[in-house]
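Quick one: this structure, given as structure tokens, is what I'll be asking you about.
The values are calculated or read from the model by the stated rules, or taken from the named source; none is laboratory data. Remember, it's a predicted structure, so these values are computed and weren't measured experimentally. So basically every Cβ, Gly included, is an ideal-geometry build from the backbone, and we count neighbours across all protein chains shown. Note: accessible area is taken over every heavy atom of the protein model, side chains too, but ligands, DNA and RNA are not part of it. Shrake-Rupley method; radii C 1.70, N 1.55, O 1.52, S 1.80 Å.
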Amino acid sequence: MSQISALQKARAAYAPKLPAALQNGAAVVVTEGAATQSVADCDKISALFPKTYGSPVLTFAAGKESNLPAINVGVILSGGQAPGGHNVIAGLFDGIKSLNADSRLFGFLKGPDGLVKDEVMELKSDFIDSYRNTGGFDMIGSGRTKLETEEQFQLAEKHCKALNISALVIIGGDDSNTNACVLAEYFKAHDSGIQVIGCPKTIDGDLKNEWIEASFGFDTACRVYSELIGNLCRDANSAKKYWHFVKLMGRSASHIALECALQTHPNAAIVSEEVAAKKQTLEEIVDKLASIVANRGNAGLNFGIILVPEGLVEFIPNIKTLIAELNDILAANAASVESLDALGKANFAAGKLSEASAKTFNALPEGIRKQLCNDRDPHGNVQVSLIETEKMLAEMVGNRLKAMKSEGSYKGKFATQTHFFGYEGRCAAPSNYDADYCYSLGFNAAALIGAGRTGYMSSVRNTTKKASEWISGGIPITMMMNIEHRHGVDKPVIRKALVELDGAPFKFFASVREDWAIKTDYVYPGPIQYFGPSEVCDLITKTLELEKK
Ligand code: FBP
């Protein structure tokens, strides 16, 4: 890096805060809770993880100076970028050095692939320092390769042993942490002597539960999007001529859309989980949005903001069925469709759909029909970030309003702008919350290693309080697991946390949204503040604030 920005230079000096238990170093005093069980399917999960199942929840208190021998530790960044990943690594580095100054950290490059292909580099002090408090995963890169085959596990063991690595930290989302658990079980069953610790990452916010309050990156990403949405709100309210349709990342859950709504008070925000629970059709969603636009238009307010979660299409029951049929048709006819472009695939699939799905498919704009037939991701999922749901809704709402105008129920003007905010937020410099939380998660992972544990997720809780009151410890990953039917087979996976309709964040949103729909009640959060008074720098998300109230 030849030149760094003034902010990065100043921000490098920020010293992330740690929970009291970690302030003397990573040699902590460990308190064990009772034996644990998985959230569901206990018999099946315990049979699949005989060596790691049932471990106790761990809570740490400050310890004394460490007398542990030096260790070599490996680290992997897995999946999509999330602000704060570099601080997890910095915290881990400082943590293992506090256990023994001769400990060494190795970064496997480009995600789990680096472990399998033995692409690795030692992370030394100067190098780590140049990435402290920065966004991005560029320090060692990331990737989406799944660690799941026996051959991959054998290679992982071989490559760790070659470097004398006795512990591996996997920083990832629900799938990557599931893989971390499978690897921990494998290493233990084969007496490899390699511990595996997971860290909860994803801007999507869907890796959380009673013990994992938040996945890192959610806070910063939502602040970046909310700043942009606030700016759009102000632009809309200044020019008074556009409806902005904003799609927000979050592959599946709508936590990001909901948090951004809570921060900015848009005129409408769709929550996919509600759509699924109420079995809403696309037409019903369009009707609801059109009525919001019409009510404001009839009151002379021909502008507004609508938030759309990225994963929406997969939560609309008839489109979900359609996607499942398309998946099967495209997979079963892979050879025939291979050479076709997206339109060719769409036309091919259209003729093979059930009557109901064909009707749904044909009612969609051509662009969306093509996007639904695009290549799947490595896990066989539709790449929802590539589906322009915001454009589809803008177009369909426009058509509905035309019909309402001719019926005489709408007399406003409707002009739209569409946006997709996702990649813009994933590599932002971490907010104070994420900088502190991530550094603590990494340092805490070192404490778990020092305590000789494996198959655990680093857990830092009570984060609505000041950092010195944060509770650090470890949660057995098997405790978060259940069995899910994925791509035709039963698999042990960490249960994904979707937006809960009876949870405080959604309930609050539901209680105010009718007001926001008709009024112009926007909030402008502005950019993340890294320097200045605590009340603007040390914020927590509205989601966490409401959940913990
Ligand atoms: P993770 O679950 O791996 O953290 O990734 C989340 C995410 O950012 C989603 O919000 C988005 O749908 C997806 O990654 C995009 O994936 P890609 O980076 O491969 O385009």
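Which numbered condition in (1) away from the ligand (no atom under 16 Å from the Cβ); (2) open to solvent by 20 Å² or more (accessible area, probe 1.4 Å); (3) assigned to a helix (DSSP H, G or I) is the only one that ARG223 fails?
Every listed condition holds for ARG223 apart from (1).
I'm trying to understand the selection: among the residues of region 239-261, which are touching a strand residue (DSSP E or B) at 6+ places or on another chain (Cβ under 9 Å) and away from the ligand (no atom under 16 Å from the Cβ)?
TYR242, TRP243, HIS244, PHE245, ALA261
Consider LEU326 carefully, then state whether it is over 25 Å from ALA394 (Cα atoms) and either hydroxyl-bearing (Ser, Thr, Tyr) or touching a Phe, Trp or Tyr at 6+ places or on another chain (Cβ under 9 Å) (or both).
For LEU326, the condition - over 25 Å from ALA394 (Cα atoms) and either hydroxyl-bearing (Ser, Thr, Tyr) or touching a Phe, Trp or Tyr at 6+ places or on another chain (Cβ under 9 Å) (or both) - is not met.
Return the pair list, or none, for Cβ contacts closer than 8 Å from residues in region 159-182 that are more than 16 Å from the ligand (Cβ to nearest atom) and charged (D, E, K, R) to residues that are assigned to a loop (DSSP other than H, G, I, E, B) and open to solvent by less than 30 Å² (accessible area, probe 1.4 Å), at least 6 apart or on different chains.
From region 159-182, the pairs are LYS161/SER192; LYS161/ILE194.
Filter region 226-238 down to the residues that are surrounded by fewer than 23 Cβ atoms within 10 Å (Cβ to Cβ) and of a type in the set (A, V, I, L, M), then identify the one that is farthest from the ligand (Cβ to nearest atom).
Filtering region 226-238 for residues that are surrounded by fewer than 23 Cβ atoms within 10 Å (Cβ to Cβ) and of a type in the set (A, V, I, L, M), the one farthest from the ligand (Cβ to nearest atom) comes out as LEU232.
Still on this structure, I have one more. So which residues in region 349-379 are under 28 Å from the mean Cα position of the chain (by Cα) and more than 16 Å from the ligand (Cβ to nearest atom), if there are any at all?
Result: GLY367, ILE368, ARG369, LYS370, CYS373.
Out of the residues in region 31-45 that are of a type in the set (A, V, I, L, M) and within 17 Å of GLU185 (Cβ to Cβ), which is surrounded by the most Cβ atoms within 10 Å (Cβ to Cβ)?
For region 31-45, the residue satisfying everything is ILE45.
Also: I'd like to check something: does region 104-112 contain any residue that is under 21 Å from ALA447 (Cβ atoms) and open to solvent by 20 Å² or more (accessible area, probe 1.4 Å)?
Yes, region 104-112 contains a residue that is under 21 Å from ALA447 (Cβ atoms) and open to solvent by 20 Å² or more (accessible area, probe 1.4 Å).
Please go through region 161-186 and give me each residue that is among the charged types (D, E, K, R) and either at pLDDT below 95 or under 19 Å from THR52 (Cα atoms) (or both), ordered by number.
ASP174, ASP175, GLU185
Yes/no matrix, rows are residues, columns are (1) closer than 30 Å to ILE203 by Cα; (2) among the β-branched types (Val, Ile, Thr):
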residue: LYS345; (1), (2): no, no
residue: LEU353; (1), (2): no, no
residue: ALA356; (1), (2): no, no
residue: LYS370; (1), (2): yes, no
residue: VAL382; (1), (2): yes, yes
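Still on this model: Count, please, the residues in region 408-427 that happen to be part of a loop (DSSP other than H, G, I, E, B), within 24 Å of PHE216 (Cα to Cα) and open to solvent by less than 20 Å² (accessible area, probe 1.4 Å).
Counting residues in region 408-427 that are part of a loop (DSSP other than H, G, I, E, B), within 24 Å of PHE216 (Cα to Cα) and open to solvent by less than 20 Å² (accessible area, probe 1.4 Å) gives 1.
Which of (1) crowded, with 16+ Cβ neighbours inside 10 Å; (2) within 21 Å of the chain's Cα centre (by Cα); (3) in a loop (DSSP other than H, G, I, E, B) is the odd one out, the single condition ARG132 does not satisfy?
Status for ARG132: all satisfied but (2).
Restricting to region 496-539, count the residues that are part of a loop (DSSP other than H, G, I, E, B) and open to solvent by less than 40 Å² (accessible area, probe 1.4 Å).
Of the residues in that region, 7 qualify.
Follow-up. Would you say ASP138 is within 16 Å of the ligand (Cβ to nearest atom), surrounded by fewer than 19 Cβ atoms within 10 Å (Cβ to Cβ) and of a type outside the set (A, V, I, L, M, F, W, C)?
Yes; evaluated as a whole, the condition is true for this residue.
While we're on this one: For region 46-87, give me each residue that is surrounded by fewer than 22 Cβ atoms within 10 Å (Cβ to Cβ) and β-branched (Val, Ile, Thr).
Hits for region 46-87 are VAL57, THR59, ILE71.
Let me ask another. Can you pull out every residue in region 380-407 that is open to solvent by less than 60 Å² (accessible area, probe 1.4 Å) and either away from the ligand (no atom under 16 Å from the Cβ) or among the hydrophobic types (A, V, I, L, M, F, W, C) (or both)?
Listed by number, the residues that qualify are VAL382, VAL384, ILE387, MET392, LEU393, ALA394, MET396, VAL397, GLY398, LEU401, ALA403, MET404.
On to the next question. Could you grab me the full set of residues in region 231-269 that are under 17 Å from LYS496 (Cα atoms), of a type in the set (A, V, I, L, M) and not in a helix (DSSP H, G or I)?
Hits for region 231-269 are MET249, ALA253.
Let me ask something else. Of the residues SER5, SER46, SER55, only one is at pLDDT below 95 and at negative phi; which?
Result: SER5 is the single residue among SER5, SER46, SER55 that is at pLDDT below 95 and at negative phi.
If I filter region 361-372 for residues that are outside any helix (DSSP H, G or I) and at pLDDT below 85, do I get at least one hit?
No, that holds for no residue.
Another question, if that's okay. Quick one: count up the residues across region 202-213 that are within 13 Å of the ligand (Cβ to nearest atom) and under 12 Å from VAL460 (Cα atoms).
Qualifying residue count for the region: 1.
Mind listing just one residue for me: the one in region 90-113 that is in a helix (DSSP H, G or I) and within 16 Å of the ligand (Cβ to nearest atom) and, of those, farthest from the chain's Cα centre (by Cα)?
Residue satisfying both the conditions and the ranking: ASP113.
Report, by residue number, each residue of region 461-500 that is more than 25 Å from VAL196 (Cα to Cα) and out of contact with any His (no Cβ under 7 Å at 6 or more places or on another chain).
Passing the criteria: THR464, LYS465, LYS466, ALA467, SER468, GLU469, HIS485, HIS487, GLY488, VAL489, LEU498, GLU500.
Which ones in region 174-201 are over 14 Å from the mean Cα position of the chain (by Cα), polar (S, T, N, Q) and within 24 Å of VAL460 (Cβ to Cβ)?
Hits for region 174-201 are THR178, ASN179, GLN195.
For region 474-490, which residues satisfy the criterion of being touching a residue at least 60 places away in the same chain (Cβ under 8 Å) and either surrounded by 15 or more Cβ atoms within 10 Å (Cβ to Cβ) or in a helix (DSSP H, G or I) (or both)?
Those that are touching a residue at least 60 places away in the same chain (Cβ under 8 Å) and either surrounded by 15 or more Cβ atoms within 10 Å (Cβ to Cβ) or in a helix (DSSP H, G or I) (or both): GLY474, ILE475, PRO476, ILE477, THR478, MET479, MET480, MET481, ASN482, ILE483.
Would you point out the residue of region 312-357, among those that are assigned to a loop (DSSP other than H, G, I, E, B) and within 30 Å of GLU273 (Cβ to Cβ), that is most open to solvent (accessible area, probe 1.4 Å)?
The residue in question is SER354.
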